[in-house]
Amino acid sequence: MPNITFVHPDGRAQRIDASDGESAMQTATRHDVSGILAECGGNAMCATCHVYVDEGWLARPPAMGDDEDALLDGAAAERRANSRLSCQINLAADLDGLILNLPDRQL
Amino acid sequence: MSATSRIDSATPERSAPAGVPHLDVDPFSTEFFEDPHRIHDLLREAGPVVWLEKWAVYGVARYAEVHGVLNDPLTFCSSRGVGLSDFAKEKPWRPQSIILEADPPAHTRTRAVLAQVLSPTAMKGVREHFTAMATAKVDELLARGSFDAVADLAEAYPLSVFPDAMGLKQEGRENLLPYASLVFNAFGPPNQLRQKAIERSAPHQAYVAAQCQRENLTPGGFGACIHARADAGDITAEEAPLLVRSLLSAGLDTTVNGIGAAVYCLARFPDQLARLRSDPTLARNAFEEAIRFESPVQTFFRTTTREVELAGHRIGEGEKVLMFLGAANRDPRRWENPDRYDVTRRTSGHVGFGSGIHMCVGQLLARVEGEVMLAAIARKVASIEITGPVKRRYNNTLRGLESLPITISPA
């Protein structure tokens, strides 16, 4: 079972266990990580589960779809090269230890 | 008393499939509209899949099965209609929707167009104006003190922002709510509500058909943005008016009932209004929770494209499956204290806007409208008191009120 770490804007790190087949967003909401809203529930339709993938992990998550790409343009916080929607990051075993940085806002 | 009767049944007597619990409840009756929760509980507890004798359809009312059906659109299709009527057997009452009543791959292309027109970026463009209009509306209502929260707030506010955002002309806007009411009644069975709505539909249909045309839509509005996508080659010139029609069908009455639900919640649960007032940033979640709690869109159907096993039951091809969104949103298997309206609840995952590829394409617009209205209430209103009889409005799909007399006091 992979575990992932969400780093809050104040630097606080929150390490949590993921279940098989979950997305990073689902893991976050199940553990009540503040800073991940996920208003659409994981359908890539709202851009409120925005994260910045930590530099060391950029190559690992699955490729970005067109929907996600378009939504990130409208995300509330600044879009950066490492921006992703956490609902589109499925936590396969090779993402064990993944570090995701939270933006200062989702709305 | 029931708005429907046995002779309305769409299909002649069919026996319940073996092993599937069968119920004789009618989810399209006034009895149901008045109090769906008791019957939702009955449906959920009967089993993961039930058979509804009255209309000879399968039903799912638990969260897991509703979510599962919504997220398997190739097995549970929309192109045969998302109401009781099966388009493989019956002619649709209006030209079929090219987004709501479509499956991939056709749906993927039209969906992408509306998703872009109603994107988070597009919402940034309307937010400031919507906020100013909500603030002005609450000021006006505070000056009046007592009013009907349905007509004067839940309807008046969306009517003051949505038609302009679409780019509609002033004339004829009184057709918008009757048209939407018709569309949502038409998803239901051939009961009185549906038949009467269709009988009276000609002027509303004519109005909407005309407003979908490019020359009737103001530049810069959502309608014009859709037509611009035809220029870009993403859709054809014939498809553009049909996509405008989708927004006119589903973009107004839904937010009316969503905002109405939220105000009704805040009026009934003063502790939650107090919580919201203490932290107006909860406004957006308070709206979302009202969508979960009341589920303004109660039901949709799907049609099976093949024989499928659902929660251990075999369902044949060409069967209608009725999804009880409102029941899923209060399923104790998924929600803690489901019957409690809690503005701090983590609402992510509710199916009030659906789920999967057909999830409400206007959900961001609905949230902006709901949030800015509830934020204005949170800042300016100290109390909401119900001062007269609360009357329910009957619609085959939409849950909402006909009348909610309230008195509000300033903060």
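Within chain B, what whole-number % of the accessible surface is contributed by carbon and sulfur, with the 1.4 Å probe and all protein chains included in the calculation?
Accessible surface attributable to carbon and sulfur in chain B totals 54 percent.
With θ set to phi - 60°, apply the Karplus curve 6.51 cos²θ - 1.76 cosθ + 1.60 along region B:404-411 and write out the HN-Hα couplings as whole Hz, x wherever there is a Gly or Pro.
Once rounded to whole Hz, the list reads 9, x, 9, 10, 10, 10, x, 6.
Using the heavy atoms of the protein chains alone and a 1.4 angstrom probe, what is the accessible area of region A:3-101 per residue in square angstrom?
44 Å²
Shielding of A:32-45 by partners, i.e. mean partner chain Cβ atoms within 10 Å per residue? Kindly include the intermediate steps, with their values, before the conclusion.
On the way: counts 1, 0, 1, 0, 2, 6, 4, 11, 10, 12, 6, 11, 2, 13.
What the average comes to for A:32-45 is 6.
So who's got an amide H within less than 5 Å of the one on B:V381, skipping anything under 5 residues away but keeping other chains? H placed 1.01 Å off N, in plane.
When sequence neighbours closer than 5 places are left aside, the close amide H contacts are B:A411.
Can you tell me the convex hull volume per residue for region B:6-410, based on C-alpha atoms, in Å³ to the nearest whole number?
That works out to 129 Å³ per residue.
Once amide H atoms are built 1.01 Å from N in the peptide plane, which residues 5 or more positions from B:L310, or in another chain, come under 5 Å H to H?
B:I315
Could you give each residue of region B:164-173 its phi-based ³J(HN,Hα) in whole Hz, using Karplus coefficients 6.51, -1.76, 1.60 with θ = phi - 60°, and x for Gly or Pro?
Values per residue, Gly and Pro as x: 5, 4, 5, x, 7, 5, 5, 5, x, 4 Hz.
Whole-Hz ³J(HN,Hα) for each residue in region B:139-148, computed from phi via Karplus 6.51 cos²θ - 1.76 cosθ + 1.60 with θ = phi - 60°, x for glycine and proline: what do you get?
Working through the residues one at a time gives 4, 4, 6, 5, 5, 6, x, 10, 6, 9 Hz.
If you take every residue apart from B:A327 with its C-beta less than 9 Å away from the C-beta of B:A327, what net charge results, scoring Lys and Arg +1 and Asp and Glu -1?
Details: positive: B:R44, B:R62, B:R330; negative: B:D41, B:D331.
So the environment of B:A327 carries a net charge of +1.
Distance check, please: which entries in B:K89/B:K320; B:K169/B:K196; B:K137/B:K380; B:K320/B:K391; B:K91/B:K320 exceed 20 angstrom between their Cα atoms?
Result: B:K169/B:K196; B:K320/B:K391 exceed 20 Å.
What is the average number of partner chain Cβ atoms found within 10 Å of a Cβ in A:47-57?
Partner Cβ neighbours, averaged per residue: 1.
Could you tell me the center-to-center distance, by alpha carbons, between region A:65-91 and region B:327-373 in angstrom?
22 Å
How large are Rg and Dmax for region A:3-101 when only the alpha carbon atoms are used, in Å?
Answer for region A:3-101, Rg first and Dmax second: 12.0, 32 Å.
Write out the cysteines belonging to the protein assembly as shown for which the nearest other cysteine Cβ is not under 4.7 Å, or none if no such cysteine exists.
A:C49, A:C87, B:C77, B:C212, B:C225, B:C265, B:C360
How much of B:K124 can a 1.4 Å solvent probe reach, expressed as accessible area in Å² and rounded to 10?
Here the accessible area works out near 110 Å².
Return the single residue from B:G188, B:G223, B:G356 with maximal mean-square fluctuation; model: Gaussian network over chain B, springs between Cα atoms under 10 Å.
Of the options given, B:G356 has the highest mean-square fluctuation.
I'd like the interface area for chains A and B: accessible area of each alone minus the complex, both sides summed, 1.4 Å probe, protein heavy atoms only. What is it in Å² to the nearest 100? All intermediate terms of the calculation are to be shown ahead of the outcome.
Values: alone 5480 and 16380 Å², together 20580 Å².
When A and B are taken together, about 1300 Å² of accessible area is lost.
Measuring from label point to label point, each 7 Å out along Cα→Cβ, what is the B:D139 to B:T218 span in nm?
Taking the simple label geometry, B:D139 and B:T218 are separated by 2.0 nm.
GNM, chain B, Cα, under 10 Å: largest mean-square fluctuation among B:E171, B:E53, B:E336?
Its mean-square fluctuation being the largest, the pick is B:E171.
Roughly speaking, what is the centre-to-centre gap between region B:271-308 and region A:29-55 when only Cα atoms are used, to the nearest Å?
Centre-to-centre (Cα) distance: 18 Å.
Give me, ordered by chain and number, the residues 5 or more places off B:R392 or on other chains with an amide H under 5 Å from its own placed amide H.
For B:R392, the qualifying residues are B:E402.
Mind giving me the nanometre distance, one decimal, between the label points for B:A232 and B:Q96, set 7 Å out from Cα along Cα→Cβ?
Between B:A232 and B:Q96, the label points sit 2.7 nm apart.
Arrange the peptides B:312-318, B:247-253, B:323-329 so that the one whose residues have, on average, the most other Cβ atoms within 10 Å appears first.
B:323-329, B:247-253, B:312-318
Report the gain in length on full extension from B:D24 to B:A64: 0.36 nm times residue separation, minus Cα-Cα distance, nm rounded to one decimal.
Between B:D24 and B:A64, full extension yields an extra 12.1 nm.
Using a 10 Å cut-off around each Cβ of peptide B:106-116, what is the average number of partner chain Cβ atoms that fall inside?
1
Considering chain B as a Gaussian network with a 10 Å cut-off on Cα pairs, which listed residue, B:T254, B:T305, B:T281, attains the greatest mean-square fluctuation?
Among B:T254, B:T305, B:T281, the largest mean-square fluctuation in the Gaussian network model of chain B belongs to B:T281.
Per DSSP H run of n ≥ 4, the term is -39500 (n - 2.57); total these for chain B, divide by its residue number, and report the mean residue ellipticity at 222 nm rounded to 500 deg cm²/dmol. Walk me through the intermediate numbers first.
Working: 16 runs with 182 residues, N = 411.
Computed mean residue ellipticity for chain B: -13500 deg cm²/dmol.
Obtain the nm distance between the two label points defined at A:N82 and A:D32 by a simple spin-label model: each point lies 7 Å from its Cα along the Cα-to-C-beta direction.
For the pair A:N82/A:D32, the computed spacing is 2.9 nm.
By the scheme Lys and Arg +1, Asp and Glu -1, what is the net charge of all other residues having a beta-carbon under 14 Å from that of A:S86? Don't skip to the end; give the middle numbers.
Numbers: positive: A:R30, A:R60, A:R84; negative: A:E22, A:E39, A:D54, A:E68.
Overall, the nearby charge balance is -1.
Accessible area per residue of region B:6-410 at 1.4 Å probe, in Å²?
Ligands and nucleic acids excluded, the result is 38 Å² per residue.
Could you give the dipole magnitude of the protein assembly as shown about its Cα centre, charging the beta-carbon of Lys and Arg +1 and that of Asp and Glu -1, in debye to the nearest 20?
620 debye
The values are calculated or read from the model by the stated rules, or taken from the named source; none is laboratory data. The shown structure was predicted, so the numbers you read here are calculated from the model rather than taken from an experiment. Positions of Cβ are backbone-derived with ideal geometry, glycine not excepted, and every protein chain shown enters the neighbour counts. Protein only, heavy atoms only, side chains kept; ligands, DNA and RNA dropped before computing areas. Shrake-Rupley method; radii C 1.70, N 1.55, O 1.52, S 1.80 Å.
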